[in-house]
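This report refers to the structure that appears directly beneath it.
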Amino acid sequence: VEVDLQLSAQTPPDVLYHGTAAHIAPHVWRDGLQKMRRHHVHLSRDIQTARKVGARHGKPLVFEVDAKTMSAEGFEFFVSDNGVWLTDEVPPQYLKATS
């Protein structure tokens, strides 16, 4: 069932972060970040929050997202009331692993 979250597109910060379990990394490098069963891919403004999210699923790995380039190339971003940044997908060319 499609749900309209009534969010309007926003200009994202230059860089956003996504935390996930390290064992998922090969899939992310191949396919990028996909929303899967969610409405959007969830992104954080800071590494610490992304690391906490990733740690819920095992050893965390944080990806840096080049949101500035994505936005310039036509990808839309939204921000939820609780400050989570959202987008439909993040192709692998916009990702970089952080330390």
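The values are calculated or read from the model by the stated rules, or taken from the named source; none is laboratory data. Note that this is a predicted model, so its numbers are computed, not measured. Note that each Cβ is placed from the backbone with ideal geometry, even for glycine, and that neighbours are counted across all protein chains shown. Keep in mind that these areas ignore ligands, DNA and RNA; they rest on the heavy atoms of the full protein, side chains included. Shrake-Rupley method; radii C 1.70, N 1.55, O 1.52, S 1.80 Å.
What list of ³J(HN,Hα) couplings, whole Hz, do you get for region 50-57 from phi and the Karplus terms 6.51, -1.76, 1.60, once you set θ to phi - 60° and write x for glycine and proline?
Once rounded to whole Hz, the list reads 4, 5, 4, 5, x, 5, 5, 10.
Run the simple label-point estimate for His57 and Arg37 please: 7 Å along Cα→C-beta, distance reported in nm.
Between His57 and Arg37, the label points sit 1.2 nm apart.
At 1.4 Å probe size, with the rest of the protein present, what percent of the exposed accessible area of region 3-81 is carbon and sulfur atoms?
Exposed carbon and sulfur together represent 50 percent of the surface.
Could you derive backbone 3J(HN,Hα) for region 34-39 from the dihedral phi with the Karplus parameters 6.51, -1.76 and 1.60 (θ = phi - 60°), listing whole Hz in sequence and x where the residue is Gly or Pro?
Each residue of region 34-39 in turn: 10, 6, 6, 8, 8, 6 Hz.
What ³J(HN,Hα) values, in whole Hz, does the Karplus curve 6.51 cos²θ - 1.76 cosθ + 1.60 give for region 63-80 when θ = phi - 60°, with x put for Gly and Pro?
Ordered by residue, 3J(HN,Hα) equals 9, 8, 10, 7, 5, 4, 5, 4, 4, 5, 9, x, 6, 9, 10, 9, 10, 7 Hz.
Relative contact order for the chain: what percent, with Cα pairs under 8 Å and sequence separation of 6 or more?
It comes to 39 percent, rounded to a whole number.
Please list the three semi-axes, largest first and in whole Å, of the ellipsoid equivalent to the chain, using sqrt of 5 times the eigenvalues of its alpha carbon gyration tensor.
20, 15, 13
Within straight cross-link reach of Lys52, meaning Cα distance under 20 Å, which lysines are found once same-chain residues fewer than 8 apart are removed?
Within the straight-line limit of under 20 Å, Lys52 reaches these lysines: Lys35, Lys96.
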